Amino acid sequence: MRFVFYISLLLILVAPEASAQCSNFTITVGGGSFDSEISWSLTGSSSGLVASGGAPVSTVYCLAADCYTLVMSDSFGDGWNGAVITITGTSGVVFSGTLAAGSSSSQTMALNGGSCGPPCAETEYFISVGGGTFDSEISWSLVDDSGTTLGSGTAPYAGSICVADGCFTLSMIDSFGDGWNGGQFVITDALGNVISSNTLVDGFSETTSFPVGSGTCGSGGPCDDYWISVGGGSFDSEISWNVTGDFGTVASGAAPTTNTICLEAGCYSVNMIDAFGDGWNGAVWTITDGLGVVIDSGTLAAGASGTAGVAIGGADCDFPEPVTASDCHDAIDVCTDIDFYVDPNGYGSVYEIPASGSVSNPYYDGFTSFNPWGTTNYGCLQSQELNSTWMTVNIAVGGWLEFVFGGLGTQAGFYDWAMWTFDENTCGNIIGDLQAPIRCNWNGVASGGTGLAGALPAGGDASNYEPPLWVEAGDIYLICFSNYSSVTSNVPLEFGGTAEVSCEPIMLPVDLLSLGGESLHEGVLVQWETVSEQDNALFVLEHSLDATQWQEVAMVQGAGDSFELRKYQYLHSKALFGINYYRLRQMDFDGNTRFSDGISVVHKPQIGFVLSPNPIAVNRDLQIKFLHLTEGMKCVVSTLEGRTVSEFESNELLALSKISFEDAGMYLIRLIDRQGAVVDSQRLVVQ
């Protein structure tokens, strides 16, 4: 029997080679967590049942040209748990699929030149879907420009479609909501040329369109073939990308890859994503034309995402330059419908946002602490000043102010922001933690835009939006925009509501950066800095002991017109011991005046005296210098036994500069305040 068995097996193996009616195909099933639950069968419309089995298995079958139905079953009813069935012919893999969920599913396919319907009257294209780390989460559908579904399925998938030239729309879906994790949808022609390659970078779903054959998408205008290649880094598996234009996404994918894309003349954005968040590690994207001429190239230098602009077909594209790290006094004027670029640029030369939970940067969590404008959103800048861009908004027509950062699906990360009323003192007030914001938002999600809105924009999330602000003509507002996610991206800013903003530059008479004071032995040194001055005649420094009654102590000439950093100082030598208050009164050439906020300086100079020389000869003059005197002090000279030799009252000390001694001996000189406490004491030797 064992001999007969071997002969039968040999006949089975050699029979396919002897038959001209079939070709060898290898069917491999398995690789899941519960292969023992798997069963499957393959039935031809003419051939009948040709193969069946369980898993794991890998067997060669001789299959005739026919239309086959593959039935995949799972005894437990929860799908194949990662197992895959692959059918491989002499030219490679012709089918790959799985039972994503449930007890059974079927798939129809033509093998070995067979047909599952009438012959293709149009053009046959081949689709493969999968290759990611969680293909079981993937589903997709493809429709033509008339809305007819051309194909749909899960992943992994390999099959073909017969279609006419046109514009196809691909819907990509991920059940977990974290994108396709490296999985790709690839459509090729009969020669293996890639027509389009796409992936779902992140989220639950995305739709993209691409032309096939002579078809066109977008405006319907003519397009030319270009090649985009992505890769060459040390961690290409972390990379995903997409190219967007005026009519949506035109291509997307992972790396390494080289794809053709048909582009009309226009302005496009290459959006770069890195799953690990450390940039592309040397990988580069390059777009070339049909002659191999490089149109543009770039990379993601750092961070989790970034955007670069590309002009195609000689289009005149006004791509904004990246905004470098800025400070409050460098705030740029913004107006309706502008774009600005952000990148991981730090915080400028001054770290201006105080700690979360302070006056200028309050903390709101919507549970125990609430903002005063009525939402339960988080706020404000909980990471303080991170990759900041400062901007001012000048109101031309009053009404309800609304705006959106990163709308229309362009938000590439968390865009946190805070907003204050603005004048020449605001920058200093924020640093000094003296001025609260009137609106702020710590983004709840990293998509859908953020800003002020009465009604949520399309795709917006309520956690990213605060209510509109009523504004008056002439009002000025300051916004600190925080690029929390360290992305490099284009950020559209759109204004709405009934208010209108002005693009006219905002000129303040004096932009006061700082005002401070320092206690020195000689007095209080008051210092201030300006970053711009317009028609500034002079500064008047005023002093007070109670912050109510002010007296002029100095006049300092202004710079007139200046647009650079200027520093001023004045030494107030008559400052009193204790708390001293100071403020500036700024005067224009036309006589207008403005007051700064006041500051306080605690003046505690060294109190005491210096003797010279010591020791000293009899009847020689002793030089005595008092370092600082306050009202009620007196100086007492005595022997070591406590006998008073001389005593000088407060009104005599200012004129006292030298004394002499007739008798040799050891003396004690003491400076006593009005409460009788000894402020300083020194021994003197008279020889």
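Looking only at segment 578-609, filter to residues that are modelled with pLDDT of 85 or more and of a type in the set (Lys, Arg); which one of those is farthest from residue 431 (Cα to Cα)?
585
Specify the residue that is least open to solvent (accessible area, probe 1.4 Å); the eligible residues are those in segment 147-156 that are over 15 Å from residue 183 (Cβ atoms) and touching a residue at least 12 places away in the same chain (Cβ under 8 Å). Even if it seems obvious, please write down each step before you answer.
Filtering segment 147-156 down to residues over 15 Å from residue 183 (Cβ atoms) leaves 147-152.
Among the residues that remain, those that are also touching a residue at least 12 places away in the same chain (Cβ under 8 Å) are: 150-152.
Numbers: 150: 46, 151: 15, 152: 71 Å².
The residue in question is 151.
Out of the residues in segment 567-614 that are basic (Lys, Arg) and assigned to a loop (DSSP other than H, G, I, E, B), which is least open to solvent (accessible area, probe 1.4 Å)? Before you say what the answer is, go through the steps one by one.
Start the filter on segment 567-614 by keeping residues that are basic (Lys, Arg), which leaves 567, 574, 583, 585, 594, 604.
Filter once more, keeping what is assigned to a loop (DSSP other than H, G, I, E, B): 574, 604.
Details: 574: 162, 604: 142 Å².
Among those residues, the one meeting the criterion is 604.
Could you tell me which of the residues 394, 377 is in contact (Cβ under 8 Å) with a residue 12 or more places away in the chain, open to solvent by 10 Å² or more (accessible area, probe 1.4 Å) and not in a loop (DSSP other than H, G, I, E, B)? Break it down into steps so the answer makes sense when it comes.
Values: 377 fails: not in a loop (DSSP other than H, G, I, E, B).
Just one listed residue meets the conditions, 394.
Checking the condition polar (S, T, N, Q), closer than 30 Å to residue 309 by Cβ and either without any contact (Cβ under 8 Å) to a residue 24 or more places away in the chain or surrounded by fewer than 19 Cβ atoms within 10 Å (Cβ to Cβ) (or both), which residue from 514, 486, 502 passes? Can you show your working first?
Details: 514 fails: closer than 30 Å to residue 309 by Cβ; 486 fails: either without any contact (Cβ under 8 Å) to a residue 24 or more places away in the chain or surrounded by fewer than 19 Cβ atoms within 10 Å (Cβ to Cβ) (or both).
Result of the check over 514, 486, 502: 502.
For residues that are open to solvent by less than 30 Å² (accessible area, probe 1.4 Å) and touching an Asp or Glu at 6+ places or on another chain (Cβ under 7 Å), tally how many sit in segment 67-81.
Adding up the residues that qualify gives 2.
Going by what's in this entry, would residue 608 be described as over 30 Å from residue 535 (Cα atoms), touching a residue at least 12 places away in the same chain (Cβ under 8 Å) and not hydroxyl-bearing (Ser, Thr, Tyr)? Give the derivation first.
Numbers: over 30 Å from residue 535 (Cα atoms): yes; touching a residue at least 12 places away in the same chain (Cβ under 8 Å): yes; not hydroxyl-bearing (Ser, Thr, Tyr): yes.
Yes; evaluated as a whole, the condition is true for this residue.
When residue 308 is evaluated against the numbered criteria (1) open to solvent by less than 40 Å² (accessible area, probe 1.4 Å); (2) modelled with pLDDT under 85; (3) not in a strand (DSSP E or B), which criterion, by number, is the only one it fails?
(3)
Filter segment 47-66 down to the residues that are surrounded by fewer than 16 Cβ atoms within 10 Å (Cβ to Cβ), farther than 20 Å from residue 104 by Cα and hydrophobic (A, V, I, L, M, F, W, C) and list them by number.
Scanning segment 47-66 gives a single hit, 60.
Please work out which one of (1) open to solvent by 30 Å² or more (accessible area, probe 1.4 Å); (2) farther than 19 Å from residue 132 by Cβ; (3) modelled with pLDDT under 85 is the condition residue 297 fails and give its number.
Failing condition for residue 297: (3).
For the subset of segment 503-559 comprising residues that are of a type in the set (D, E, K, R) and more than 26 Å from residue 579 (Cβ to Cβ), which member is farthest from the chain's Cα centre (by Cα)?
Step one: filter segment 503-559 for residues of a type in the set (D, E, K, R), giving 504, 511, 518, 522, 529, 533, 535, 542, 546, 552.
So of that shortlist, the ones also more than 26 Å from residue 579 (Cβ to Cβ) come out as 504, 511, 533, 535.
Working: 504: 28, 511: 29, 533: 33, 535: 39 Å.
Here the residue is 535.
May I ask you to list the residues in segment 397-418 that are open to solvent by 10 Å² or more (accessible area, probe 1.4 Å) and assigned to a strand (DSSP E or B)?
Scanning segment 397-418 gives 397, 400, 402, 404.
Starting from residues that are closer than 30 Å to residue 225 by Cβ and surrounded by fewer than 15 Cβ atoms within 10 Å (Cβ to Cβ), keep the ones in segment 320-361 and report whichever is modelled with the highest pLDDT. Quick ask: steps written out before the conclusion?
Of the residues in segment 320-361, the ones closer than 30 Å to residue 225 by Cβ are 320, 339, 341.
In the following step, the residues that additionally are surrounded by fewer than 15 Cβ atoms within 10 Å (Cβ to Cβ) were identified as 320, 339.
Numbers: 320: 58, 339: 63.
Among them, the one singled out is 339.
With respect to residue 557, is the statement that it is assigned to a loop (DSSP other than H, G, I, E, B) and without any contact (Cβ under 8 Å) to a residue 24 or more places away in the chain true? Please lay out each step first, then the result.
Numbers: assigned to a loop (DSSP other than H, G, I, E, B): no; without any contact (Cβ under 8 Å) to a residue 24 or more places away in the chain: yes.
Criteria not met by residue 557.
Within segment 630-649, does at least one residue satisfy the condition of being among the charged types (D, E, K, R), surrounded by 14 or more Cβ atoms within 10 Å (Cβ to Cβ) and either within 30 Å of residue 425 (Cα to Cα) or more than 57 Å from the chain's Cα centre (by Cα) (or both)? Walk me through how you get there before you give the answer.
Restricting attention to segment 630-649, the residues satisfying the condition of being among the charged types (D, E, K, R) are 631, 634, 641, 643, 647, 649.
So of that shortlist, the ones also surrounded by 14 or more Cβ atoms within 10 Å (Cβ to Cβ) come out as 634.
Checking which are either within 30 Å of residue 425 (Cα to Cα) or more than 57 Å from the chain's Cα centre (by Cα) (or both) leaves us with 634.
Yes.
Of the residues that sit in segment 632-655 and are part of a loop (DSSP other than H, G, I, E, B) and modelled with pLDDT under 75, which one is nearest to residue 520 (Cα to Cα)? First the steps, then the outcome.
Within segment 632-655, the first condition is being part of a loop (DSSP other than H, G, I, E, B), and the residues that meet it are 632-633, 640-643, 649, 654-655.
Still in the running and modelled with pLDDT under 75: 654-655.
On the way: 654: 20, 655: 23 Å.
Within segment 632-655, the match that is nearest to residue 520 (Cα to Cα) is 654.
For segment 67-82, indicate whether the set of residues that are modelled with pLDDT under 85 and in a strand (DSSP E or B) is non-empty. Can you show your working first?
Initial filter on segment 67-82 (modelled with pLDDT under 85): 77-79, 82.
Right, trim to in a strand (DSSP E or B) and you get 78.
So far as segment 67-82 goes, yes, one or more of its residues are modelled with pLDDT under 85 and in a strand (DSSP E or B).
The values are calculated or read from the model by the stated rules, or taken from the named source; none is laboratory data. What you see is a predicted model, and the numbers here were worked out from it, not measured in a lab. Cβ sites come from the backbone with ideal geometry, for glycine too, and all protein chains shown count toward neighbours. All accessible areas refer to the heavy atoms of the entire protein, side chains included, with ligands and DNA or RNA removed. Shrake-Rupley method; radii C 1.70, N 1.55, O 1.52, S 1.80 Å.
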